[in-house]
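Reading through the structure tokens given below for one structure.
The values are calculated or read from the model by the stated rules, or taken from the named source; none is laboratory data. Since the structure is predicted, the reported quantities are computational estimates derived from the model, not experimental observations. We place every Cβ from the backbone using ideal geometry, glycine too, and count neighbours over all the protein chains shown. Quick note on the areas: whole protein, heavy atoms, side chains included, nothing else; ligands and nucleic acids left out. Shrake-Rupley method; radii C 1.70, N 1.55, O 1.52, S 1.80 Å.
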Amino acid sequence: MSRRPLLILRPEPGATMTAKSALEQGWRPIVAPIFRIEALAWEPPPATDYDALFVTSANAVRQAGKALTRYRDMPAYAVGAATARALKSAGFTRIRTGRGDAAMMMLTAAEEGVTSALHLAGEDHRDSEHPDIRLDRRLVYRSAAAGRLSEKAELALRSGEAVVLLHSGRAGERFAQLVDEAAIPRAGIGIAALAPAVAEAAGHGWAATIAADMPDDAALLAAAARLCQ
């Protein structure tokens, strides 16, 4: 693959991790986060009130602070592999890893006898629930949107060769807004999205759009490569 520019819009530290993999695969990664992760103050409840911990973002693990340690002995359900890795790094050992779908994660937990759970999430979480589980959701972080694209990102987007990775529906919506505000033609930009719903959030008019087969970075980079074939 020629060194085509690949814009990585996800927040740090995930952006740098994605960029490293992209560079190894022959891309010219441009790290240009359009959100900044900020911790929120929260009141940690007693671990004894719950059967399990639900985590639907690795950012929730990183931003929950020292209070997270009180839940290490609980079964922890991670929405996907990245969240599971963050939990493992934080000292959790009883981890169940999902496939990127919060509703399916909760269904699995219910089938395994979980009737009450503490859910650590961000402000822009999806309201997934299960009728058999009493869910206590605590917001531990927020994503603050950038006011504009970086100069380096704008230059790459105007080249007509850039591919953009979109990791969330909110990122798709915000990126589309920033492109339109900067008067950059959508027709010169390729979009690789983590899931079909993410691609839909970005809207229409792009040079090409593709969704990953699985909601993880490896599949997303593979989709971006197919976009260029």
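Take the residues of the stretch 116-140 that are within 16 Å of P46 (Cα to Cα) and over 21 Å from the mean Cα position of the chain (by Cα): which is most open to solvent (accessible area, probe 1.4 Å)? Filtering first and then ranking leaves R134. Reported count of residues in the stretch 147-179, each being part of a loop (DSSP other than H, G, I, E, B) and surrounded by fewer than 15 Cβ atoms within 10 Å (Cβ to Cβ), is 4.
Considering only residues in the stretch 168-209 that are farther than 18 Å from I8 by Cβ and within 18 Å of the chain's Cα centre (by Cα), the one that is modelled with the lowest pLDDT turns out to be A197.
Among the residues making up the stretch 195-218, those that are under 12 Å from G100 (Cβ atoms), assigned to a loop (DSSP other than H, G, I, E, B) and of a type outside the set (D, E, K, R) are A195, A212, M214, P215. For beta carbons closer than 7 Å, sequence separation of 6+ or different chains, a first residue in the stretch 85-100 that is more than 22 Å from R126 (Cβ to Cβ) and a second that is among the basic types (K, R), the qualifying pairs are G91/R72; F92/R72. Kindly indicate whether D73 is charged (D, E, K, R) and either open to solvent by less than 70 Å² (accessible area, probe 1.4 Å) or in contact (Cβ under 8 Å) with a residue 60 or more places away in the chain (or both). For D73, the condition - charged (D, E, K, R) and either open to solvent by less than 70 Å² (accessible area, probe 1.4 Å) or in contact (Cβ under 8 Å) with a residue 60 or more places away in the chain (or both) - is not met.
Taking the conditions (1) of a type outside the set (K, R); (2) more than 20 Å from G80 (Cβ to Cβ); (3) at pLDDT 95 or above; (4) not in a strand (DSSP E or B) in turn, Q229 satisfies each one other than (3). Looking across the stretch 76-115, the residues that are over 27 Å from D213 (Cβ atoms) and buried (at least 16 other Cβ atoms within 10 Å of the Cβ) come down to A90, F92, V114. Of all the residues in the stretch 20-33, those that are open to solvent by less than 40 Å² (accessible area, probe 1.4 Å) and more than 14 Å from A156 (Cβ to Cβ) number 1. The residue list R170, R134, R158, R138 contains one member that is under 19 Å from L68 (Cβ atoms) and among the charged types (D, E, K, R), which is R138.
Do we find that A192 is part of a strand (DSSP E or B), in contact with a Lys or Arg (Cβ under 6 Å, 6 or more places away or on another chain) and open to solvent by less than 70 Å² (accessible area, probe 1.4 Å) in this structure? Here the answer is no, as A192 does not meet what is asked.
Considering only the stretch 151-191, state which residues are closer than 23 Å to G122 by Cβ and not hydrophobic (A, V, I, L, M, F, W, C). Within the stretch 151-191, H167, S168, G169, R170, G172, E173, R174, Q177 qualify.
Every residue, every condition in (1) closer than 30 Å to D101 by Cα; (2) free of Cβ contacts under 8 Å to residues at least 40 places away in the same chain; (3) in contact with a strand residue (DSSP E or B) (Cβ under 6 Å, 6 or more places away or on another chain), yes or no:
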| site | (1), (2), (3) |
| --- | --- |
| E123 | yes, no, yes |
| D136 | yes, no, yes |
| S159 | no, no, no |
| H167 | yes, no, no |
| G172 | yes, yes, yes |
